[in-house]
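**Q** Below you will find the structure I want to go over with you.
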Amino acid sequence: FATRRLLLGAGDADAIFMDRSHLPQVASLPGVTVTDDLPFLEVHNSFLFNFKIELAGNPYAGSGKLDGAGIPPDFFADKDIRLAFAHAFPYEAYLREVYRGKGAQARGPIPRGVFGYDESSPVHQHDPAKAEALLRGARGGKVWEAGFRFACVYQQGKETRGQACAILKREIERLNAKFRIDVVGVQWSTYLDLHRGRKLPLVNARWGLDYPDPHNPVFAYLHS
């Protein structure tokens, strides 16, 4: 963004695209017009859970065991753990703080404006008490007793995704001092290889539609 801002300010760029968090830095530049409220044909900044983590040569899952220093490969195969993470995240606060009040909580893999999007589809609510109860009961209480540590990974340079990971880290770690999440940004080429190799326990990513049909995002998010 810093390079794009300099190019715009010097008149060397006719237009730039940026995250909303940077808006105040360009809105006051002489001669700059902000075009806002353009729809995205994408589901932005989703948390994706890995149900079967590859542990070989993998620093992102810690010890690979439920011993407070890592997580086992099937940690997120547990629905209660996934639901706990879903209820721990403050969706409205994220939209307010990071997107300056713009955007809406996703209702499944299909974005608004594409056939099949359903405004009435239910969404998870921010409920720390429910998140705590689910984690206390997960795996017969072993998750709460032992704790865990793993990495939440995002593509380096995608600040809104990094902020989502940092917020989730804050909310989960508040529940139990034995819970640890490391927020890690990695370069795209590295990220892609790690993701395909099933080494990333939890990532924050998005799917931008290649063509305006529900098959595109539904297959990308759900076929596996």
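The values are calculated or read from the model by the stated rules, or taken from the named source; none is laboratory data. Nothing here was measured: the structure is a model prediction, and the numbers come from that model. Quick reminder, even Gly has a Cβ in these numbers, built from the backbone with ideal geometry, and neighbours come from all protein chains shown. Side chains included, ligands, DNA and RNA excluded: accessible areas come from the protein's heavy atoms. Shrake-Rupley method; radii C 1.70, N 1.55, O 1.52, S 1.80 Å.
**Q** Tally time: how many residues in segment 145-185 are farther than 22 Å from residue 129 by Cβ, open to solvent by less than 10 Å² (accessible area, probe 1.4 Å), of a type in the set (Val, Ile, Thr) and assigned to a strand (DSSP E or B)?
**A** Summing the residues that are farther than 22 Å from residue 129 by Cβ, open to solvent by less than 10 Å² (accessible area, probe 1.4 Å), of a type in the set (Val, Ile, Thr) and assigned to a strand (DSSP E or B) in segment 145-185 gives 1.
**Q** A further question on this structure: Tell me which residues, restricted to segment 109-118, are of a type outside the set (Phe, Trp, Tyr), in contact (Cβ under 8 Å) with a residue 12 or more places away in the chain and open to solvent by 40 Å² or more (accessible area, probe 1.4 Å).
**A** Of everything in segment 109-118, those that are of a type outside the set (Phe, Trp, Tyr), in contact (Cβ under 8 Å) with a residue 12 or more places away in the chain and open to solvent by 40 Å² or more (accessible area, probe 1.4 Å) turn out to be 112, 113, 116.
**Q** Let me ask something else about it. What pairs come up if the first residue lies in segment 189-217 and is without any contact (Cβ under 8 Å) to a residue 40 or more places away in the chain, the second is of a type in the set (Ser, Thr, Tyr) and open to solvent by 30 Å² or more (accessible area, probe 1.4 Å), and their beta carbons are under 9 Å apart, counting only those six or more places apart or on different chains?
**A** Final answer for the pair search is 191/154.
**Q** Could you identify the single residue in 31, 64 that is surrounded by 16 or more Cβ atoms within 10 Å (Cβ to Cβ) and free of Cβ contacts under 8 Å to residues at least 40 places away in the same chain? Spell out how you get there, then give the answer.
**A** Working: 31 fails: surrounded by 16 or more Cβ atoms within 10 Å (Cβ to Cβ).
Within the list 31, 64, the selection yields 64.
Every residue, every condition in (1) open to solvent by less than 50 Å² (accessible area, probe 1.4 Å); (2) in contact with an Asp or Glu (Cβ under 9 Å, 6 or more places away or on another chain), yes or no:
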{"residue": "59", "(1), (2)": "no, no"}
{"residue": "70", "(1), (2)": "yes, no"}
{"residue": "75", "(1), (2)": "yes, no"}
{"residue": "80", "(1), (2)": "no, no"}
{"residue": "83", "(1), (2)": "yes, no"}
{"residue": "90", "(1), (2)": "yes, yes"}
{"residue": "95", "(1), (2)": "yes, no"}
{"residue": "103", "(1), (2)": "no, no"}
{"residue": "106", "(1), (2)": "no, no"}
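**Q** Can you find, within segment 119-144, the residue that is nearest to residue 205 (Cα to Cα) among those that are among the small types (Gly, Ala, Ser) and open to solvent by 40 Å² or more (accessible area, probe 1.4 Å)? Let's see the steps before the verdict.
**A** Of all residues in segment 119-144, those among the small types (Gly, Ala, Ser) come to 120-121, 129, 131, 133, 137-138, 140-141.
Subset that is open to solvent by 40 Å² or more (accessible area, probe 1.4 Å): 120, 129, 133, 137, 140.
Working: 120: 24, 129: 27, 133: 27, 137: 29, 140: 31 Å.
In this case the residue turns out to be 120.
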